[in-house]
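Trainee: Structure in structure tokens, see below.
The values are calculated or read from the model by the stated rules, or taken from the named source; none is laboratory data. Just so we're clear, the structure is a prediction, and the values are computed from it rather than from any experiment. Cβ: placed from backbone, ideal geometry, glycine included. Neighbour counts: every protein chain shown.
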Amino acid sequence: MERVLTTHFADDRYRHVDAYVETGGYSALRKALGMPKEEIVAEVRKANLRGRGGAGFPAGVKWGFLPKDLSRPRVLVVNADEGEPGTFKDRLIMSRGPHLLVEGIAISSFAMTIHVCYIYIRGEFVREAKILEEAIGEAHAKGFLGKNILGSGFDLDVYVHRGAGAYICGEETSLINSLEGKRGWPRNKPPFPAAIGAFGLPTIVNNVETISDVPWIVANGGERFAAMGVEKNGGTRLIGVSGAVNRPGVYELPAGVNLRDIIYEHAGGIKDGKELKAVIPGGSSTPVLRPGEIDVAYDIESMARIGSASGSGGVIVIPEGACMVRALMVLMNFYSHESCGQCTPCREGTGWLAKIVRRIEEGKGLEGDVELILDVCDNMMGRTICPLSEAAVMPAQSFVWKFREEFDRHIKDQKCPYGNKF
């Protein structure tokens with residue numbers, strides 16, 4: 001299988017500019033600087049490169065939303081927050097191949113006539129922030145960033161901005177507010193960031209993996225990238241597999257790979273010879289799947305057809321014998337803690353869900369609690385500024401719909417059938 005990103009990640013030297021250049025690094029930037037800008041955008045469109053941060057919006061289409069008027073400066077913001085539980089592939093890129101990201105930023109910025117980029121990185125990623133800053137310094141020293149890049153007349157400055165550790169700042173308008181020094185609260189849309197974004201300027205926000213794919217696309221062509229995946233979903237994806245598998249880790253696989261193969265072939269199957277009970281396929285906010293639902297292509301359209309999502313590429317494997325009520329309690333505690341509090345349905349609803357699920361798991365559940373969970377979800381879905389409310393609702397609903405018998409048994413027996421104690 002042809003790889004786009006991880007070919008050289010086993011080489012510790014690859015995070016430094018000299019080793020990166022030895023393997024062909026920054027040759028795509030040299031090529032791009034001699035191309036018409038609209039041609040670069042066209043190649044990204046041809047590639048069917050969908051955003052790798054969760055929403056899956058086509059990158060080339062998003063770039064086209066920038067206003068044609070060049071009288072105002074434009075901004076590129078790279079979303080390196082990666083706060084979705086179960087997701088850890090962007091961290092791998094930043095730690096093992098930071099120059100892939102830097103080169104992708106340079107090419108993307110040139111294509112969109114952008115002269116300043118901010119990498120908004122999750123506050124806990126201290127090591128990765130230092131690695132990125134070192135890579136940016138190396139790129140400046142070699143003429144790949146800064147003034148008159150490679151004699152082209154194009155200028156670009158890149159800054160690393162560390163977040164304060166809020167899940168909500170993975171949402172692009174919350175991220176922009178935080179970048180500006182404001183409280184990380186989502187903004188109403190419209191206006192969209194492409195029109196009025198960071199510091200009131202036209203802004204494109206893209207995920208780390210999305211931008212890191214751009215050098216390969218420019219070097220090899222959008223059609224070749226598209227052919228590696230499936231219709232409407234080009235290229236490869238970095239898929240982080242965690243939970244009860246024999247080989248947890250990050251795997252670069254073609255878009256559209258079978259989810260069962262991800263778990264059993266690449267990740268080595270279920271740990272300790274146990275049976276599979278459930279899979280959260282795309283980070284903690286995506287609806288859970290039962291074992292009979294995993295023979296599905298891992299692409300945006302195929303996952304949507306079965307009522308779930310590939311999301312941010314975080315596959316969480318749950319083995320037989322695990323308590324699904326306890327698992328949901330952990331998730332609801334997370335979303336309650338991370339709600340920014342701006343919208344009442346989310347602020348109150350996430351806290352309410354956490355309390356109800358916790359009392360069920362503790363053996364204090366009441367008749368009607370399961371229906372109450374679903375009722376609260378109905379009053380949260382689609383009623384807030386940003387999708388955090390939906391991010392809590394989707395797992396809550398799917399856990400109840402698909403594992404209702406466990407919730408009912410907890411309430412009937414007034415204890416956790418798996419022996420969990422509090």
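Trainee: Out of curiosity, is residue 142 basic (Lys, Arg), in contact (Cβ under 8 Å) with a residue 60 or more places away in the chain and closer than 30 Å to residue 17 by Cβ?
Mentor: Yes, satisfied.
Trainee: Just the residues that are under 21 Å from residue 93 (Cα atoms) and among the hydrophobic types (A, V, I, L, M, F, W, C), please, taken from region 28-65.
Mentor: 28, 29, 44, 47, 49, 55, 57, 59 - these are the residues of region 28-65 that are under 21 Å from residue 93 (Cα atoms) and among the hydrophobic types (A, V, I, L, M, F, W, C).
Listed here are the residues, each with its yes/no results for (1) among the hydrophobic types (A, V, I, L, M, F, W, C); (2) at pLDDT below 95; (3) crowded, with 19+ Cβ neighbours inside 10 Å; (4) in the same structural domain as residue 159 (by TED's automatic domain parsing).
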{"residue": "47", "(1), (2), (3), (4)": "yes, no, yes, yes"}
{"residue": "73", "(1), (2), (3), (4)": "no, no, no, yes"}
{"residue": "105", "(1), (2), (3), (4)": "yes, no, yes, yes"}
{"residue": "120", "(1), (2), (3), (4)": "no, no, yes, yes"}
{"residue": "139", "(1), (2), (3), (4)": "yes, no, yes, yes"}
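Trainee: Being touching a residue at least 40 places away in the same chain (Cβ under 8 Å) and not in a helix (DSSP H, G or I): is that true of residue 160 here?
Mentor: Yes, satisfied.
Trainee: Right, something else. Looking for whichever is touching a residue at least 60 places away in the same chain (Cβ under 8 Å) and surrounded by fewer than 14 Cβ atoms within 10 Å (Cβ to Cβ) here; the options are 94, 35, 1. Which one fits?
Mentor: Just one listed residue meets the conditions, 1.
Trainee: With the requirement that a residue be in a strand (DSSP E or B) and modelled with pLDDT under 95, what does region 226-251 give you?
Mentor: Answer for region 226-251, where residues must be in a strand (DSSP E or B) and modelled with pLDDT under 95: 230, 233.
Trainee: Out of region 252-264, which residues are more than 23 Å from residue 10 (Cβ to Cβ) and either assigned to a strand (DSSP E or B) or in the same structural domain as residue 49 (by TED's automatic domain parsing) (or both)?
Mentor: 258
Trainee: Then there's this: Go through the residues of region 326-348 one by one and say whether even a single one is surrounded by fewer than 23 Cβ atoms within 10 Å (Cβ to Cβ) and more than 28 Å from residue 185 (Cα to Cα).
Mentor: There is at least one residue in region 326-348 that is surrounded by fewer than 23 Cβ atoms within 10 Å (Cβ to Cβ) and more than 28 Å from residue 185 (Cα to Cα).
Residues checked against (1) charged (D, E, K, R); (2) outside any loop (DSSP other than H, G, I, E, B); (3) touching a strand residue (DSSP E or B) at 6+ places or on another chain (Cβ under 9 Å); (4) crowded, with 18+ Cβ neighbours inside 10 Å:
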site	(1), (2), (3), (4)
114	no, no, yes, yes
117	no, yes, yes, yes
135	no, yes, no, yes
143	no, no, no, no
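Trainee: Would you say residue 43 is free of Cβ contacts under 8 Å to residues at least 24 places away in the same chain, acidic (Asp, Glu) and assigned to a helix (DSSP H, G or I)?
Mentor: no
Trainee: Something else: Answer yes or no as to whether residue 331 is touching a Ser or Thr at 6+ places or on another chain (Cβ under 8 Å) and either in a loop (DSSP other than H, G, I, E, B) or aliphatic (A, V, I, L, M) (or both).
Mentor: Against the criterion (touching a Ser or Thr at 6+ places or on another chain (Cβ under 8 Å) and either in a loop (DSSP other than H, G, I, E, B) or aliphatic (A, V, I, L, M) (or both)), residue 331 qualifies.
One line per residue, one yes/no per condition, for (1) among the acidic types (Asp, Glu); (2) within 30 Å of residue 192 (Cβ to Cβ):
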| residue | (1), (2) |
| --- | --- |
| 334 | no, yes |
| 361 | yes, no |
| 368 | no, no |
| 377 | no, yes |
| 394 | no, yes |
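Trainee: For region 155-177, how many residues are among the small types (Gly, Ala, Ser) and surrounded by fewer than 15 Cβ atoms within 10 Å (Cβ to Cβ)?
Mentor: Within region 155-177, residues that are among the small types (Gly, Ala, Ser) and surrounded by fewer than 15 Cβ atoms within 10 Å (Cβ to Cβ) number 2.
Trainee: For the structure I just gave you, tell me whether residue 77 is at pLDDT 95 or above, buried (at least 24 other Cβ atoms within 10 Å of the Cβ) and either assigned by TED's automatic domain parsing to the domain that holds residue 139 or part of a loop (DSSP other than H, G, I, E, B) (or both).
Mentor: When the stated conditions are applied, residue 77 does not pass them.
Trainee: Against the condition of a type in the set (Gly, Ala, Ser), more than 18 Å from the chain's Cα centre (by Cα) and not assigned by TED's automatic domain parsing to the domain that holds residue 362, how does residue 273 come out, does it pass?
Mentor: Spelling it out, residue 273 is indeed of a type in the set (Gly, Ala, Ser), more than 18 Å from the chain's Cα centre (by Cα) and not assigned by TED's automatic domain parsing to the domain that holds residue 362.
Trainee: For region 364-418, enumerate the residues that are crowded, with 22+ Cβ neighbours inside 10 Å, among the small types (Gly, Ala, Ser) and closer than 30 Å to residue 190 by Cα.
Mentor: Answer for region 364-418, where residues must be crowded, with 22+ Cβ neighbours inside 10 Å, among the small types (Gly, Ala, Ser) and closer than 30 Å to residue 190 by Cα: 389, 391, 392, 396.
Trainee: Let me ask something additional. Working carefully through the options 180, 223, 265, find the one that is surrounded by fewer than 20 Cβ atoms within 10 Å (Cβ to Cβ), without any contact (Cβ under 8 Å) to a residue 24 or more places away in the chain and touching a helix residue (DSSP H, G or I) at 6+ places or on another chain (Cβ under 8 Å).
Mentor: None of the others qualify; the one that does is 180.
Trainee: Mind checking whether some residue in region 204-215 is surrounded by fewer than 24 Cβ atoms within 10 Å (Cβ to Cβ), touching a residue at least 40 places away in the same chain (Cβ under 8 Å), in the same structural domain as residue 129 (by TED's automatic domain parsing) and part of a loop (DSSP other than H, G, I, E, B)?
Mentor: Looking for residues that are surrounded by fewer than 24 Cβ atoms within 10 Å (Cβ to Cβ), touching a residue at least 40 places away in the same chain (Cβ under 8 Å), in the same structural domain as residue 129 (by TED's automatic domain parsing) and part of a loop (DSSP other than H, G, I, E, B), one finds none in region 204-215, hence no.
Trainee: Could you list, in sequence order, the residues of region 268-293 that are over 17 Å from residue 394 (Cβ atoms) and surrounded by 18 or more Cβ atoms within 10 Å (Cβ to Cβ)?
Mentor: Listed by number, the residues that qualify are 270, 276, 277.
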